[in-house]
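The values are calculated or read from the model by the stated rules, or taken from the named source; none is laboratory data. None of these values were measured; they are calculated from a predicted model. Ideal geometry is used to build each Cβ from the backbone, glycine not excepted, and the neighbour counts take in all protein chains shown.
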Ligand SMILES: [Zn+2]
C-alpha cells in the first residue's frame, strides 16, 4: 500500500452570497483536464471542465451542486483554486501596439524644372515590442452590472407574476451557443434555430416559479408543472414587455473581473494600457 498524501485545505468566503467554501488545490488529474480543455475544448467544454474541477476540489461542501451555482461564483471559486494550486501571479506577454509617426525624407525631382528636392513623408509605425507583465490574480473581484439582480419579478398581468433567477452555471452554455462566433468568418457558430433553442432553454432553466392569484388563492407553477415548449408558447402569447424584460435581465450578467495596467518595457516607449479581463476562460487562455 502507498502512503496517503494529504493536501492542504483552503477556504474562501464570498460575501455576496454569504457563504464560505472549503477546498483543496488541484491534483495532477485536474491539471490535466484543464490543459486538455484549453487545448482542444470549445467554450462549452471549458465551462464543463471548470464545473467538474470546482466540484472535485470542494471539500466539506459535497452537498453543493456546482452546476446550479451562478456561473460567476463558479468562476470565482475556480480562480481561487487556481491561485492556491499554481501561482497568484500570471506572467503574460504584452505586445505593444502604440503607434508612432515615422518621418522619412524622399528624394524627388521636379518634372518641369528637373530640380531635385526632398519631400517629407510621414508614416505610422507600431512599437511592436514584447514585454513580460504580471497579472495579480489576487485582485480578481466580482463585477456586477448596475442593472443586475440575483432574481427578478416580472408582472405578466394583474394576477400573474413571473419569478426569474440569474442563470445557473450549467445554463451558461446556452449563452455561449447564442454568442459564440466563428473567428475566421465572424459568423455565429450556431444556426439561428440553435440559438433560439438555446435562449428558450436559458429562460426555462432560470424560471423559479409563476404565481397566479385566483381570488384568495395563490397558485404556484414551477418547471415541474410545464414543459419548455409550453413555456415558449406561453411567453409568445404574453404581452410584449414580458419578453423584453427577460432579454434585459439576461443581457447583463455578473462576471469575475480583473483590471490592470500593461506596460511596454521598451525604454523609449513605456506606453501603458489598461486591460480588463472577464470570465475564467480569458484567464485560462493566458496560463
Ligand atoms: Zn511600446
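Details
- For region 161-180, a tally of residues being buried (at least 18 other Cβ atoms within 10 Å of the Cβ) and part of a strand (DSSP E or B) returns 4.
- For residue 103, the stated conditions hold: it is more than 16 Å from the ligand (Cβ to nearest atom), under 25 Å from residue 271 (Cβ atoms) and at pLDDT below 90.
- Strands (runs of 3 or more DSSP E) fully within region 192-287 counting 2 or more residues that are touching a strand residue (DSSP E or B) at 6+ places or on another chain (Cβ under 7 Å) and surrounded by 16 or more Cβ atoms within 10 Å (Cβ to Cβ): 207-214, 255-263, 272-278
Condition check ((1) over 17 Å from the mean Cα position of the chain (by Cα); (2) surrounded by fewer than 13 Cβ atoms within 10 Å (Cβ to Cβ); (3) within 16 Å of the ligand (Cβ to nearest atom); (4) within 30 Å of residue 240 (Cβ to Cβ)) across all residues:
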| residue | (1), (2), (3), (4) |
| --- | --- |
| 109 | yes, yes, no, no |
| 114 | yes, yes, no, no |
| 117 | yes, yes, no, no |
| 127 | yes, no, yes, no |
| 131 | yes, no, yes, no |
| 136 | yes, yes, no, no |
| 145 | no, yes, no, yes |
| 152 | yes, no, no, yes |
| 155 | yes, no, no, yes |
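- The set of residues in region 237-281 being touching a residue at least 12 places away in the same chain (Cβ under 8 Å) and within 13 Å of the ligand (Cβ to nearest atom) consists of 262, 263, 264, 265, 266, 269, 271, 273.
- Test: residue in region 51-73 that is crowded, with 17+ Cβ neighbours inside 10 Å, under 21 Å from the mean Cα position of the chain (by Cα) and under 30 Å from residue 131 (Cβ atoms): no
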